[in-house]
1. Consider only pairs whose beta carbons are under 8 Å apart and that are at least six residues apart or on different chains; among these, list those whose first residue lies in region 127-147 and is touching a residue at least 12 places away in the same chain (Cβ under 8 Å) and on the phi < 0 side of the Ramachandran plot and whose second residue is assigned to a helix (DSSP H, G or I) and exposed (fewer than 14 other Cβ atoms within 10 Å of the Cβ).
2. Here are 132, 88, 67, 98: which of them is surrounded by fewer than 17 Cβ atoms within 10 Å (Cβ to Cβ), under 15 Å from the mean Cα position of the chain (by Cα) and modelled with pLDDT of 95 or more?
3. Considering only region 71-84, I want to know if a residue exists there that is under 13 Å from residue 13 (Cα atoms), touching a helix residue (DSSP H, G or I) at 6+ places or on another chain (Cβ under 6 Å) and assigned to a helix (DSSP H, G or I).
4. In region 98-123, which residues are in a helix (DSSP H, G or I) and closer than 19 Å to residue 17 by Cβ?
5. So, in region 54-70, exactly how many residues are in contact (Cβ under 8 Å) with a residue 24 or more places away in the chain and not in a loop (DSSP other than H, G, I, E, B)?
6. Output the qualifying pairs, or none if there are none: Cβ atoms under 8 angstrom, residues six or more apart or on different chains, first residue in region 73-99 and farther than 20 Å from residue 134 by Cβ, second residue at pLDDT below 95 and exposed (fewer than 13 other Cβ atoms within 10 Å of the Cβ).
7. Filter region 1-46 down to the residues that are without any contact (Cβ under 8 Å) to a residue 60 or more places away in the chain, over 11 Å from the mean Cα position of the chain (by Cα) and part of a strand (DSSP E or B) and list them by number.
C-alpha cells in the first residue's frame with residue numbers, strides 16, 4: 001500500500017513526512033512517497049530540511065522533487081496533502097480520486113491541523129514543522145497499525 005504526501009514544492013514538508021513515515025511506520029505493508037503541486041522535477045530537499053532530518057537520524061540527501069501527475073496519484077492508495085488548499089488543488093486536478101485525498105490533519109483525526117510551511121524560514125521553523133509531523137504521523141500510525149483500511 002502506498003501513501004503519498006503532497007505539498008507545494010516537494011522540498012520541505014512532504015519529503016520530511018515521507019522519510020519519517022518510512023523510518024518509523026509500525027506497519028510495513030505501507031510505504032510512503034511524496035510529490036509537489038507546483039515544483040520542478042529533480043530539485044534537492046531544502047538544506048534546512050536535510051539538516052533537521054539528519055539531526056533526527058534520517059537522510060534526505062537522496063531526495064529529488066517530483067511534480068504530481070496522473071500516474072503518481074494513480075499509484076497511491078492514500079493521498080495526504082499538507083493543507084486544505086493543497087487538497088482542494090488535488091481534488092480539482094484529479095476529481096476521480098476524491099475518495100483517497102485528505103489533508104494529513106483530517107486523516108490523523110485533527111481536521112483543523114495544517115502543516116506549517118517552513119520554506120524561507122529559519123531552523124526553528126523546520127524544527128516546529130518536524131515536530132508537527134511527528135504528532136500527526138503518530139496518530140496515523142495508530143490508525144493503520146492494524147492494517148490498511
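The values are calculated or read from the model by the stated rules, or taken from the named source; none is laboratory data. Quick caveat, the model's predicted, so the values are computed rather than measured. Note: ideal-geometry Cβ built from the backbone for every residue, glycine included; neighbour counts use all protein chains shown.
1. Here the result reads 137/24; 141/24, each pair linking region 127-147 to a residue that is assigned to a helix (DSSP H, G or I) and exposed (fewer than 14 other Cβ atoms within 10 Å of the Cβ).
2. Answer to the selection: 67.
3. Of the residues in region 71-84, the ones under 13 Å from residue 13 (Cα atoms) are 80-83.
After this cut, where a residue has to be touching a helix residue (DSSP H, G or I) at 6+ places or on another chain (Cβ under 6 Å) as well, the list is 80-82.
From what's left, assigned to a helix (DSSP H, G or I): none.
Within region 71-84, not a single residue is under 13 Å from residue 13 (Cα atoms), touching a helix residue (DSSP H, G or I) at 6+ places or on another chain (Cβ under 6 Å) and assigned to a helix (DSSP H, G or I).
4. 100, 104, 105, 106, 107, 123
5. 2
6. Qualifying pairs under 8 Å: 77/148.
7. Residues satisfying the conditions are 31, 44.
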